[in-house]
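Structure record follows, encoded as structure tokens.
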Amino acid sequence: MRKTYASEKGKPVDLSRLTADRLPLDIYQKAHQGLVLPCQDVAIEHQGGILLVNRDNNPAKNVLWPLGGRLERGMTQESSLREKVRNESGLSLLDPLIYLGQGRTFFNTDPFEHGHGTDTENSRYFARSTGILNLDSDHSKPIIVKPSDYNPEFRAALEPYVQDFLDMAIHLVGQPEKWLWETKELIDQSLLAIILRNPKKS
């Protein structure tokens, strides 16, 4: 369950005040070197399977990966993810966006060669898409992983983060829209339901 809170002392927060120009490159490099980066990734159902692409820069260069990236300041998680996917692929995400939990990723490599690797905290989603796939210059060699393709041999060739992601997302491919909305609602409510369940009597 991912909730957005945009209020302070009972008053709504103007999100437009939180948006800002991108940091100068030298400052962002320092931030990348010293901070954990909040990111979001999405397993996109496209043409009957899950879309994976080849990353053309570090970290995870030349590795099959879902689309996504850094969370934009002053935007909700879902709005930031929608914009990121449009910019990277030309695709538009359809509702519902189904939250599939968090994943922490540590990499030896980084895009700036500062030598301290990359550390990201990732929110994972599933969504369907519409539009024509048109990847940007940072991504290439798209593949569609259909449920029938997701066998042990194919899975073993993926990075562990992508394995765990697809282990969940692949079961959502081809499901009725009503079922997806019900799934989203159940996931959103599950944490509170677990906490409020009746304890077992001894």
**Study point:** Residue that is surrounded by the fewest Cβ atoms within 10 Å (Cβ to Cβ) [pool: residues in the range 28-57 that are under 17 Å from the mean Cα position of the chain (by Cα) and over 20 Å from A169 (Cβ atoms)]
**Key:** V36
Exercise for review: Determine the pairs where a residue that is exposed (fewer than 10 other Cβ atoms within 10 Å of the Cβ), located within the range 4-27, has a partner that is not in a loop (DSSP other than H, G, I, E, B) with Cβ atoms under 9 Å apart, the partner being 6 or more residues away or on another chain.
Suggested key: R22/Y28
Check your understanding: Is it the case that the range 1-16 has a residue that's of a type in the set (S, T, N, Q), part of a loop (DSSP other than H, G, I, E, B), farther than 21 Å from N108 by Cα and in contact with a strand residue (DSSP E or B) (Cβ under 6 Å, 6 or more places away or on another chain)?
Key -> no
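Output the residue which, of all residues in the range 161-202 that are assigned to a loop (DSSP other than H, G, I, E, B) and over 26 Å from G49 (Cβ atoms), is modelled with the lowest pLDDT.
Checking each candidate, the answer is S202.
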Review point. Restricting attention to the range 148-155, does a residue exist that is under 24 Å from A60 (Cα atoms) and not in a helix (DSSP H, G or I)?
Key: yes
Exercise for review: Can you give me the number of residues within the range 89-103 that are aliphatic (A, V, I, L, M), assigned to a strand (DSSP E or B) and either touching a Cys at 6+ places or on another chain (Cβ under 9 Å) or without any contact (Cβ under 8 Å) to a residue 60 or more places away in the chain (or both)?
Suggested key: 2
Review point. Of everything in the range 22-49 that's of a type in the set (D, E) and out of contact with any Pro (no Cβ under 8 Å at 6 or more places or on another chain), which residue is modelled with the highest pLDDT?
Key: E45
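Only one residue in L15, L35, L100, L94 is of a type in the set (A, V, I, L, M) and either touching a His at 6+ places or on another chain (Cβ under 9 Å) or within 25 Å of D136 (Cα to Cα) (or both), so which one is that? Please lay out each step first, then the result.
Numbers: L15 fails: either touching a His at 6+ places or on another chain (Cβ under 9 Å) or within 25 Å of D136 (Cα to Cα) (or both); L35 fails: either touching a His at 6+ places or on another chain (Cβ under 9 Å) or within 25 Å of D136 (Cα to Cα) (or both); L100 fails: either touching a His at 6+ places or on another chain (Cβ under 9 Å) or within 25 Å of D136 (Cα to Cα) (or both).
The unique qualifying residue is L94.
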Point to revise | Within the range 158-188, tally of residues that are within 22 Å of Q102 (Cα to Cα) and either loosely packed, with under 12 Cβ neighbours inside 10 Å or touching a strand residue (DSSP E or B) at 6+ places or on another chain (Cβ under 9 Å) (or both) | key: 21
Check your understanding: Just one of N62, N57 is assigned to a loop (DSSP other than H, G, I, E, B), out of contact with any Ser or Thr (no Cβ under 8 Å at 6 or more places or on another chain) and in contact (Cβ under 8 Å) with a residue 60 or more places away in the chain; which is it?
Key -> N57
Exercise for review: Evaluate the following for T109: is it modelled with pLDDT under 95 and out of contact with any His (no Cβ under 9 Å at 6 or more places or on another chain)?
Suggested key: no
Exercise for review: Give me the pairs, please: first residue somewhere in the range 69-88 and within 16 Å of Y99 (Cα to Cα), second residue anywhere and of a type in the set (K, R), beta-carbon distance under 6 Å, and either six or more positions apart or on two chains.
Suggested key: G69/K84; Q77/R2
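The values are calculated or read from the model by the stated rules, or taken from the named source; none is laboratory data. Small disclaimer: the values here were computed from a predicted structure and weren't measured. Every residue, glycine as well, gets a Cβ built from its backbone with ideal geometry; the counts of neighbours run over all protein chains shown.
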